[in-house]
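Scroll down for the structure; my scribbles are underneath it.
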Amino acid sequence: MVAAGALISGTGTNLCAILDGIAAGRLDCAMRVVISNRPGAAGLAHAARAGVPTRVIEHGAFPSREAFDAALVEALRAAGVELVVLAGFDRLVTSVLLRAFPLRVMNIHPALLPAFRGLHAQRQALEYGVKIAGATVHFVDEDTDHGPIIVQAAVAVHPDDDEEAIRRRILEVEHQIYPTAIQLFAEGRLTVEGRRVVVQGPRPPLPPPLVQW
Ligand code: GRF
């Protein structure tokens, strides 16, 4: 059983997917605390409804990113957290957080990395004209949207898609792969070799390939 803590800034639909997985007994994970840097984040209410303690730590109250991260580390440690899950957290994290939780911070990004790092990944994908988009769960390192990749999922881009349609289609697979990555971590099946994350043990059969024109 892994003790997790989530950092959020907004809606928290990924957080909900994780909390649902825990409630259904699919994840060997206890969510010890949900911390938001924004007081109005809807995800806080989802967490409270699931009985998870919540904290608001506003980044604006700190003189630097490092000082903010030090406050996060203190709160996460106080809650006994082993794995930090970034779930729509809109701040860049620093080495202060990463050194406190080495290879213990995960993020989800709405693109098939290394394509379309940074903000508005879905819009970037649409404007680039890709036929297949997707989502990536990765360990966080000191470079944005860059750390070792744990799991990715692809979705088709249809000719009449707008940014919102792609966002929603990607979000659906995000809600599947984030809990999967957490469960693999909880089972101790993830080994990091440089940039490569090796998944130990049996895998489910592969789905048919996705081809899109
Ligand atoms: C998701 O698209 C995630 O990939 C990105 O931020 C969004 C968060 O959505 N990092 P939600 O708050 O989980 O609904």
Item to check | Selection within segment 13-44 - out of contact with any Phe, Trp or Tyr (no Cβ under 9 Å at 6 or more places or on another chain), within 19 Å of V173 (Cα to Cα) and either open to solvent by 10 Å² or more (accessible area, probe 1.4 Å) or not assigned by TED's automatic domain parsing to the domain that holds A75 (or both) | outcome: T13, C16, L19, D20, I22, A24, R26, L27
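So which residues in segment 119-140 are surrounded by fewer than 17 Cβ atoms within 10 Å (Cβ to Cβ) and either away from the ligand (no atom under 11 Å from the Cβ) or of a type in the set (F, W, Y) (or both)? Break it down stepwise before answering.
First, the residues of segment 119-140 that are surrounded by fewer than 17 Cβ atoms within 10 Å (Cβ to Cβ): 119-120, 123, 127-129, 131-132.
Matches in segment 119-140: R123, E127, Y128, G129, K131, I132.
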Next on the checklist: Go through segment 21-57 and report how many residues are in a helix (DSSP H, G or I) and free of Cβ contacts under 8 Å to residues at least 40 places away in the same chain.
Outcome noted: 8
Checklist entry - Can you name the condition, by its number, that G147 falls short on among (1) within 12 Å of the ligand (Cβ to nearest atom); (2) open to solvent by less than 10 Å² (accessible area, probe 1.4 Å); (3) touching a residue at least 40 places away in the same chain (Cβ under 8 Å); (4) in the same structural domain as T191 (by TED's automatic domain parsing)? => result (1)
Checklist entry - Looking at segment 1-20, which of its residues are touching a strand residue (DSSP E or B) at 6+ places or on another chain (Cβ under 8 Å), touching a residue at least 60 places away in the same chain (Cβ under 8 Å) and part of a helix (DSSP H, G or I)? => result N14, L15, I18
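Residues of segment 45-78 being within 16 Å of the ligand (Cβ to nearest atom), under 17 Å from T13 (Cα atoms) and open to solvent by 20 Å² or more (accessible area, probe 1.4 Å), which ones? It would help to see each step written out before you state the result.
Initially, segment 45-78 is screened for residues within 16 Å of the ligand (Cβ to nearest atom), giving 45-50, 52, 54, 56.
Pick out the ones that are also under 17 Å from T13 (Cα atoms) and you get 45-50, 52, 54.
Listed by number, the residues that qualify are A45, H46, A48, R49, A50, T54.
I'd like to verify a number: residues in segment 99-118 that are near the ligand (Cβ under 10 Å from one of its atoms) and in contact with a helix residue (DSSP H, G or I) (Cβ under 9 Å, 6 or more places away or on another chain), how many? Write out each step before concluding.
Taking segment 99-118 and keeping what is near the ligand (Cβ under 10 Å from one of its atoms), we get 107-111.
Going one step further and asking which of them are in contact with a helix residue (DSSP H, G or I) (Cβ under 9 Å, 6 or more places away or on another chain), we end up with 108-111.
Residues that pass the stated criteria total 4.
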Item to check | Residues that are buried (at least 17 other Cβ atoms within 10 Å of the Cβ) and acidic (D, E), drawn from segment 79-102 | outcome: E82
Checklist entry - If you go through segment 47-67 one residue at a time, do you hit one that is farther than 16 Å from V137 by Cβ and under 16 Å from the mean Cα position of the chain (by Cα)? => result yes
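The values are calculated or read from the model by the stated rules, or taken from the named source; none is laboratory data. No experiment lies behind these values; they were computed from the predicted model shown. Using ideal geometry, Cβ is built from the backbone for each residue, glycine included, and neighbour counts are taken over all protein chains shown. Just so you know, the surface numbers come from the protein's heavy atoms only, side chains and all, with ligands and any DNA or RNA stripped out. Shrake-Rupley method; radii C 1.70, N 1.55, O 1.52, S 1.80 Å.
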